[in-house]
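Below is one structure, written out as structure tokens; the observations come after it.
The values are calculated or read from the model by the stated rules, or taken from the named source; none is laboratory data. Quantities reported herein were computed from a predicted structural model and do not represent experimental measurements. Because the Cβ atoms are built from the backbone with ideal geometry, glycine has one as well, and the counts that use them run over all protein chains shown.
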Amino acid sequence: MSKIVFVLGAGASAHCGTPLMGNFLEVAEDLLRAGEVKEAAEDFRKVFDAVGYLHAIQSKARINTYNIEDVFAAFEMGKLLGRLPGIQEKSEIEKLTSSIKKVIGYTLERTTRFPHNTIQKGVNPPESYYEFADNIIDKIIEREKGCSVITFNYDLGLDYSLYARGILPDYGLGDIDLTNKKCVTYLKLHGSLNWGKCRSRNCGRIIPLIKFDELISKSGLDYSTIPIISRLKNRTCPSCKKPLGEDPFIVPPTWNKTAYHEEIEHVWKRAALELKDAENIFVLGYSFPDTDMFFRYLFALGVDMRTSLRGFYVYDIDSAVEERFQNLLSSGVSQRFLYQGLKFKDAIRREIIGWRADYMDLDTEYKTIPQILNIRYG
Ligand SMILES: [Zn+2]
């Protein structure tokens, strides 16, 4: 088990260009209008129609139809109950959960930016994720300490950065040979765009693609994208040779994860074990909404207060996040709790002397992660 655990939320991926939960559907609609998602246009339209029906029942119930998480959860609940406003056929409701996975998948695929390197004519990983892989994860591995990353994000910003740095992801799916390889435990609690599920009911394995050697660049843009979903469709399961399903394996980000329980249970158990043995936990860009019962329980059942949890560090520029985490922690841990009002990028910056972000209060002492872990450079 790793002594150092990083927990990442949407705020960590924001620098890659990915839309936020609150404007996700608007961005998806723009992509549809611009003809950027032709292969899934029908799925996009179906989702927007269903959102329209949900919106129309607002007088009866409160669902935030602008928030992709709420909409995904409503569709899942509709599938469970066999009811969704405006849609008569049960089979249509079931298809909607497949359509929304395509909407999420293609929207993230088309908006996650891998910037062009104009000097070397290549493609760079997203800057802050690469700094994280290079200056923190790699340095910890060098010191033979081991660390793990637990993320709520579906996108491939960090996956590609690890790939570019030559570090293999151990997704906890047991599918990648890691013997004598440089690797990091990387647990994606809500699934990932590069995970496909074997269609065979008897097998049903989740198969990750980890080579990102094909990127797409369009003229006039200064970044490339990774066409991962179309590649997943053409792959077969290595153990039973059946094709993979056409949707990426992603789980709705709500407490109601029971429908996916069997498939992703191993990943969640691994996450609980990692938290249990952690000496230092760093939470970055995860706002810990009140509705996230899953993390609350994962943390409460995972973290063993008897072990030597030395520090619990939360980095977020929204100071409301500080109080939410303080309420989560018991008094014993709260003495070791430190909130830092830093963005993801600034939390992992290695420049220690002579660097301060513009928004920082000059009188306040901030500590970056390399400072806390005493990582030295140069
Ligand atoms: Zn299979």
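Determine whether the range 156-172 contains at least one residue that is acidic (D, E) and in contact (Cβ under 8 Å) with a residue 60 or more places away in the chain.
Applying the first criterion (acidic (D, E)) to the range 156-172 yields 159, 170.
Filter once more, keeping what is in contact (Cβ under 8 Å) with a residue 60 or more places away in the chain: none.
Checked against the condition, which is being acidic (D, E) and in contact (Cβ under 8 Å) with a residue 60 or more places away in the chain, the range 156-172 yields no hits at all.
Search the range 219-243 for residues being more than 16 Å from the ligand (Cβ to nearest atom) and of a type in the set (A, V, I, L, M, F, W, C), and hand back the single one that is farthest from G166 (Cα to Cα). Talk me through it step by step, then tell me what you get.
Taking the range 219-243 first, the residues more than 16 Å from the ligand (Cβ to nearest atom) are 219-231.
From what is left, the residues that are of a type in the set (A, V, I, L, M, F, W, C) are 221, 226, 228-229.
Values: L221: 27, I226: 18, I228: 19, I229: 23 Å.
Per the stated criteria, the residue is L221.
State the number of residues belonging to the range 107-124 that are within 18 Å of E29 (Cα to Cα) and not in a helix (DSSP H, G or I). Write out each step before concluding.
The first filter runs over the range 107-124 and keeps only residues within 18 Å of E29 (Cα to Cα), leaving 107-112.
Cutting the leftovers down to not in a helix (DSSP H, G or I) gives us 112.
Residues meeting the conditions: 1.
Restricting to the range 47-65, and then to whatever is over 17 Å from M21 (Cβ atoms) and modelled with pLDDT of 80 or more, can you tell me which residue is surrounded by the most Cβ atoms within 10 Å (Cβ to Cβ)? Talk me through it step by step, then tell me what you get.
Looking only at the range 47-65, we keep the residues that are over 17 Å from M21 (Cβ atoms), and these are 49-50, 52-53, 56-61.
Next cut, modelled with pLDDT of 80 or more only: 49-50, 52-53, 56.
On the way: D49: 14, A50: 24, G52: 12, Y53: 13, A56: 12.
The extreme case among them is A50.
What is the residue count in the range 59-92 for residues that are over 21 Å from the mean Cα position of the chain (by Cα) and of a type in the set (A, V, I, L, M)?
Residues in the range 59-92 being over 21 Å from the mean Cα position of the chain (by Cα) and of a type in the set (A, V, I, L, M): 7 in total.
If only one of I68, I93, I104 is closer than 25 Å to L31 by Cα, crowded, with 18+ Cβ neighbours inside 10 Å and in contact with a Lys or Arg (Cβ under 7 Å, 6 or more places away or on another chain), which one is it? Don't jump to the end; show me each part of the working.
Numbers: I68 fails: in contact with a Lys or Arg (Cβ under 7 Å, 6 or more places away or on another chain); I104 fails: in contact with a Lys or Arg (Cβ under 7 Å, 6 or more places away or on another chain).
None of the others qualify; the one that does is I93.
Regarding the range 219-239, can at least one residue be identified that is crowded, with 18+ Cβ neighbours inside 10 Å, in contact with a helix residue (DSSP H, G or I) (Cβ under 7 Å, 6 or more places away or on another chain) and either without any contact (Cβ under 8 Å) to a residue 24 or more places away in the chain or part of a loop (DSSP other than H, G, I, E, B) (or both)?
Yes: one or more hits.
Tally time: how many residues in the range 169-201 are charged (D, E, K, R), outside any loop (DSSP other than H, G, I, E, B) and away from the ligand (no atom under 16 Å from the Cβ)?
Filtering the range 169-201 for residues charged (D, E, K, R) gives 170, 175, 177, 181-182, 188, 197, 199, 201.
So of that shortlist, the ones also outside any loop (DSSP other than H, G, I, E, B) come out as 170, 188, 197.
If we keep only those that are away from the ligand (no atom under 16 Å from the Cβ) too, we end up with 170, 188.
Adding up the residues that qualify gives 2.
Among A74, A12, which is in a helix (DSSP H, G or I) and either at pLDDT 95 or above or under 30 Å from E214 (Cα atoms) (or both)? Talk me through it step by step, then tell me what you get.
Numbers: A74 fails: either at pLDDT 95 or above or under 30 Å from E214 (Cα atoms) (or both).
The conditions single out A12.
Go through the range 204-218 and report how many residues are more than 15 Å from R235 (Cα to Cα) and either part of a strand (DSSP E or B) or within 16 Å of the ligand (Cβ to nearest atom) (or both).
2
Output yes when any residue across the range 245-267 is touching a strand residue (DSSP E or B) at 6+ places or on another chain (Cβ under 7 Å), more than 22 Å from L193 (Cβ to Cβ) and either charged (D, E, K, R) or not in a helix (DSSP H, G or I) (or both), and no when none is.
No, there is no match, as no residue in the range 245-267 is touching a strand residue (DSSP E or B) at 6+ places or on another chain (Cβ under 7 Å), more than 22 Å from L193 (Cβ to Cβ) and either charged (D, E, K, R) or not in a helix (DSSP H, G or I) (or both).
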